[in-house]
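See below for the structure under consideration.
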Amino acid sequence: MHDHLQPMLFTDSTETQSSDSFQELLASIAARPKYLPEWPESHRVLPNEILRSALFNCRNRNLPRVFMKEVEIAVIGDGQVIYRGEELRQDDELVWMHLMHLIKKIPLGECVTFTPYSFIKALGWPIKGQNYERLRTCLSRMQATALRIQSKRLDSFISISLIQKFMSRNDRNENLSRWEVWICKEMQLLFDEDFLTRVTWETRRSLPDGIASKLFGYWASHRKPYPVKIETLSKLCGSGMSAKHFKAELKKALDLLKEAGFLESSEFKGELVVVSRKY
């Protein structure tokens, strides 16, 4: 009797140990540091869901920014973006792109530090006092955000803040020599290797903040851009311009993108814009 039961008892124990080991393995994997994917120093990266949305818009920098409360952001193609926070523009996008470039070198959830001087220099902004404050404002603005993104590749809405925590002054309100930023671990879900667009950093920062910089990112997210309605591009840019004004500014932006060596050609076919990329 005992001889017959012994193997059964041994097997049950093995299965339990195996189950425990599997759970421990899962816990170990979950506990491992989470990094963003790698990309070259010459490039910066953003998720396609963001580049194909009006999250970072092109409104005139002289216009006051509005506060958006659970507003659905225009998206071209698949997905939905709901945003709460102060309006974000192309200068915020430039800052966030470089911030994520620094973040990729450390585990998500840990603090990344940098000197504001080095950050401003990397952006290509002039080194002067007002740009230190401009950078501080951009980072603070993105800290106070709530972003919900949904697309076919995601099982459900991802709800995050673009920046989890940001410090540039100490408790005595004195400027820190090195600023500190934290990005939440969940950001890894947005930065999936197969759904990212790598843009040439030198080209991006050489473009003026506006329609050209916005469409550079949008068309970079398509290997072979398809014809798009002018009205659709206007919604993507979120410029708030009249149709006539937007078309005039769009023509200028297309010329800038050709001068930058990004576009091979562009033309208007009725209400459609047709472009081909050089690279």
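The values are calculated or read from the model by the stated rules, or taken from the named source; none is laboratory data. Keep in mind it's a predicted model, so treat the numbers as computed, not measured. Counting neighbours? That spans all protein chains shown, and the Cβs are built from the backbone with ideal geometry, glycine included.
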Worksheet, complete the sentence: A careful count of residues in the stretch 158-175 that are surrounded by fewer than 16 Cβ atoms within 10 Å (Cβ to Cβ), modelled with pLDDT under 95 and within 26 Å of residue 35 (Cα to Cα) gives 1
Worksheet entry | residue 176 being among the aliphatic types (A, V, I, L, M), in a strand (DSSP E or B) and either free of Cβ contacts under 8 Å to residues at least 40 places away in the same chain or on the phi > 0 side of the Ramachandran plot (or both) | yes
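Scan the stretch 228-279 residue by residue and report those that are part of a loop (DSSP other than H, G, I, E, B) and more than 24 Å from residue 65 (Cβ to Cβ). Before the answer, list the steps.
If we filter the stretch 228-279 for residues that are part of a loop (DSSP other than H, G, I, E, B), which is where we start, we get 238-242, 260-262, 270-271, 278-279.
Those that are part of a loop (DSSP other than H, G, I, E, B) and more than 24 Å from residue 65 (Cβ to Cβ): 260, 261, 262, 270, 271, 278, 279.
Run down 107, 126 and say which single residue is assigned to a loop (DSSP other than H, G, I, E, B) and over 22 Å from residue 191 (Cα atoms).
Details: 107 fails: over 22 Å from residue 191 (Cα atoms).
After ruling out the rest, the residue left standing is 126.
Please state which one of 46, 25 is at pLDDT 65 or above, of a type in the set (A, V, I, L, M) and not in a loop (DSSP other than H, G, I, E, B).
Numbers: 25 fails: at pLDDT 65 or above.
Among 46, 25, only 46 is at pLDDT 65 or above, of a type in the set (A, V, I, L, M) and not in a loop (DSSP other than H, G, I, E, B).
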Discussion item. Just to be sure before I move on: is residue 194 among the acidic types (Asp, Glu), more than 22 Å from residue 110 (Cβ to Cβ) and not in a loop (DSSP other than H, G, I, E, B) in the structure I sent?
Written reply: yes
Worksheet item: Among the listed residues 80, 90, which satisfies the condition of being buried (at least 16 other Cβ atoms within 10 Å of the Cβ), farther than 15 Å from residue 183 by Cα and of a type outside the set (A, V, I, L, M, F, W, C)?
Response: 90
